[in-house]
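The values are calculated or read from the model by the stated rules, or taken from the named source; none is laboratory data. Source: prediction; values computed, not measured. Note: ideal-geometry Cβ built from the backbone for every residue, glycine included; neighbour counts use all protein chains shown. Side chains are part of the model used for accessible areas, which takes the heavy atoms of the whole protein and leaves out ligands, DNA and RNA. Shrake-Rupley method; radii C 1.70, N 1.55, O 1.52, S 1.80 Å.
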Amino acid sequence: MTDLQPILLPGIDPKRPLLIAGPCSAETEEQVMNTARSLAECGVKIFRAGIWKPRTKPGGFEGVGTEGLRWLKEVKAETGMYTATEVATAKHVFEALKYGVDILWIGARTSANPFAMQEIADALEGVDIPVLVKNPVNPDLELWIGALQRIYNAGIRRLGAIHRGFSSYDKKLYRNLPQWHIPIELHRQLPGLPILCDPSHIGGKRELIAPLSQQAMDLNFDGLIIESHCDPDHAWSDAAQQVTPDVLALIVGNLVIRDTKQTTENLSLLRKQIDEIDNDLLALLARRMRVSREIGTYKKEHNMPILQEQRYEEILHKRVAQAAEMGMSEDFMRTVLVAIHEESVRHQMEIMKQD
Ligand code: PEP
Ligand code: MN
């Protein structure tokens, strides 16, 4: 995917962040028009609204359907904003194109399904329109890249990705865990692909939109897609995470956009230090694995099981507390330890299998 084109539409400022805003769902003509007018006044140039809503369970609000596309057309005619909506089937693609929607996005439940992605890709064959692909609900980078490839193979060159977080069983702070390393790795593999962040669906709460947006800008994301509703408390879907157009303008206005292209001498020195520390870390990890293999040999000779639950719990507990004292988050330390432990177990399994 080396010949991607910018997703920029005429009249859109190339400065970061590329901003898309609008309600989670189009509900009524009045709600769409009111929200759109206020957003246009705040300077928003691309208006989003879900017309078909994928709900986790039946019975929720499943979107107004094709009727809402008429309202999007009206938004464009009256405010001059571009419009964007989610498509999940070939029929959605045809309908959205028929009504002149300017940007299509593919939702997280859809990008997780290669059959649905292929159906959408086939419907897009020969069409020139910007398409944004949200990450699949599960943290699977290959599945996300595969979804992007299907759209690319249909001939779409104005392609982008949206990071909306990953679902997890254990919902604490976030509705969907950011797992920033996944979009960062996506950028490393496909440097020409613009990536937007969706802080609304990551956070699930209004208060998290500002800090998540800032984080995305600090990580050099290209843009933001934020849910905004004229009356968020009474929204028919995702009420807790929507903000009024005024609040949205405040959030965006307060973002600090740092010039990431500038690499000063100091920065390169610091980077050198990081490289060295990473080398040390790798050498230490390799040493730890060697010791782990020795333990594996011992366990094998003494007919002991690989997993020593109590010892593992003890290590987790001690190190997490130690890390917290050293100013690192407990969650971070736990993730690192679990990964190290998994790799240790893999080494010991190898030892066990040898005869
Ligand atoms: C949405 O953007 O309203 C939406 C349904 O998002 P996601 O696919 O990320 O859940
Ligand atoms: Mn939503």
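Below are the figures for this structure:
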{"read-out": "Centre separation in Å (Cα based) which lies between the range 81-99 and the range 34-64", "value": "13 Å"}
{"read-out": "Segment ASN138-LEU281, extension gain: residue separation times 0.36 nm, minus the distance between their alpha carbons", "value": "48.6 nm"}
{"read-out": "Carbon plus sulfur fraction of accessible area for the chain, probe 1.4 Å, in percent", "value": "55 percent"}
{"read-out": "Dipole-positive endmost among ASN266, ILE295, LEU285 within the range 265-353 (Cβ charges, Cα centre)", "value": "ILE295"}
{"read-out": "Tilt relative to the chain, helix 265-301 - C-alpha long axis, 0 to 90 degrees, to 10", "value": "50 degrees"}
{"read-out": "Candidates ASN303, ASN266, ASN153, ranked by Gaussian network fluctuation over the chain, Cα under 10 Å, top entry", "value": "ASN303"}
{"read-out": "Which of GLU29, GLU276 is most accessible, then next, and so on - probe 1.4 Å", "value": "GLU276, GLU29"}
{"read-out": "Å² per residue, accessible surface of the chain at 1.4 Å", "value": "53 Å²"}
{"read-out": "Cut-off 12 Å between beta-carbons: net charge of the residues surrounding HIS317, Lys and Arg +1, Asp and Glu -1", "value": "+1"}
{"read-out": "Net lengthening on full extension, LEU316/ASP122 (0.36 nm per residue, minus Cα-Cα)", "value": "64.9 nm"}
{"read-out": "Under 28 Å from the Cα of LYS205 - lysines, other chains or at least 8 residues apart", "value": "LYS15, LYS45, LYS53, LYS57, LYS134, LYS171, LYS172"}
{"read-out": "Accessible surface, 1.4 Å probe, highest first, among residues TRP144, TRP236", "value": "TRP236, TRP144"}
{"read-out": "Mean Cβ neighbour count within 10 Å, used as a protection proxy, ranking 207-213, 124-130 highest first", "value": "207-213, 124-130"}
{"read-out": "Size of electric dipole in the range 190-234: Cβ of Lys, Arg +1 and of Asp, Glu -1, about Cα centre, debye, nearest 20", "value": "100 debye"}
{"read-out": "Length gained when the stretch HIS302-ASN153 is fully extended (0.36 nm per residue, less Cα-Cα span)", "value": "48.1 nm"}
{"read-out": "The range 265-353: relative contact order as a whole-number percent, Cα under 8 Å and 6+ apart", "value": "42 percent"}
{"read-out": "Phi to ³J(HN,Hα) by Karplus 6.51 cos²θ - 1.76 cosθ + 1.60 over the range 213-226, Hz, x for Gly, Pro", "value": "5, 5, 4, 4, 5, 5, 8, 6, 5, 7, x, 9, 10, 10"}
{"read-out": "Selection of trypsin sites (Lys or Arg not before Pro), the range 10-79, meeting DSSP coil and at most 13 other Cβ within 10 Å", "value": "LYS15, ARG55"}
{"read-out": "Gyration tensor verdict on the range 18-253 (Cα atoms; rounded if a/c is under 1.5, prolate if a/b is larger than b/c, oblate otherwise)", "value": "rounded"}
{"read-out": "Between 0 and 90°, nearest 10: helix 29-41 axis offset from the chain longest Cα axis", "value": "80 degrees"}
